[in-house]
Amino acid sequence: MQQQQHRQPELVEGSLPVFVFPTELVFYADDQTSHKQVLTLYNPYEFALKFKVLCTAPNKYTVVDATGAVKPQCCVDIVIRHRDVRACHFGVYDKFRLQVSEQSQRKALGRKEVTATLRASASQEPPSPRPQDEERRLREQFADSEFFEQTAFQTESRPVAGGPSLLTVLLGLVCMAALMLPTMGEQESTVPVYLHLSVNKKLVAAYVLGLLTMVILRT
């Protein structure tokens, strides 16, 4: 009797459940610690997922790693910073959409939407509306919303390498010159004896030159 092979079922576009926590981001203008929020995307499946973060108002937010991958049965943290904390944005709801797909495919297998809002202060929380009223209001507000690609986000700034420093270059030249000098004990040389280096000193120069080369290549 042949063993039945376990095959991954064909996934319909948009049908894959997406697990994200939290499902709502609340920023407070008077609390700088709340200006940075973290979304955690879980992958409980047996295959890797690619993800993409979209937003209805990307000009308001900085998103670190708006695209990436999640290994099977792992999770990733997506850092979102509010960078436009002004009174005119208080109470306005924005929306993030996380789309996931298989690494070998381009179609979106699933999506999850997360709301985000800016409030003046945690001490001035508005009265909680009834869940059905809130759901209806959000549905109406986002009925015609457009989600923008991650290229529209202000990405997290990272220092740009400016090449090796002058000191690094000079030190490298000194090491190269040291390696070119004659070794102690060489008789036939026009270089003065006090410039003859021992084998140990040349080994140190070669070691330092190797380290400098690695530094320069990384920059």
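The values are calculated or read from the model by the stated rules, or taken from the named source; none is laboratory data. Everything numeric here is computed off the predicted structure, so don't read it as measured data. Counting neighbours? That spans all protein chains shown, and the Cβs are built from the backbone with ideal geometry, glycine included. Each accessible area value is taken on the protein alone, full model and side chains, heavy atoms only, with ligands, DNA and RNA left out. Shrake-Rupley method; radii C 1.70, N 1.55, O 1.52, S 1.80 Å.
Worth pointing out:
- Cα-based shape type of segment 19-122, given that a ≥ b ≥ c are square roots of the gyration tensor eigenvalues and the cut on a/c is 1.5: prolate
- Simple label model, 7 Å out from Cα along Cβ direction - E186 to K107, nm: 7.1 nm
- Ranking by accessible area, most exposed first, for F21, F27 with a 1.4 Å probe: F21, F27
- Cα lying deepest toward the dipole's positive end in segment 19-122, options T62, G110, Q73, charges on Cβ: G110
- In nm, spacing of pseudo-spin labels at D31 and L167 (7 Å Cα→C-beta vector): 4.3 nm
- Split the accessible area of segment 19-122 by element, probe 1.4 Å, and carbon with sulfur accounts for 48%.
- The packing ranking, built from the mean of other Cβ atoms within 10 Å per residue, places the peptides 196-207, 62-73 in the order 62-73, 196-207, highest first.
- Protein-only accessible surface at a 1.4 angstrom probe places the residues M184, M176 in the order M184, M176, largest first.
- Linear extension gain, Y42 paired with V92, 0.36 nm per residue minus alpha-carbon span: 15.2 nm
- Over 20 Å between alpha carbons, listed pairs K36/K95; K50/K112; K60/K107: K60/K107
- Efficiency of FRET from Cβ geometry, S121 and V76, R₀ 25 Å, rounded to 0.05: 0.20
- Average accessible surface area per residue within segment 19-122, 1.4 Å rolling probe, Å²: 47 Å²
- Simple Cβ-charge dipole of segment 19-122, Lys/Arg +1 and Asp/Glu -1, about Cα centre, in debye nearest 20: 340 debye
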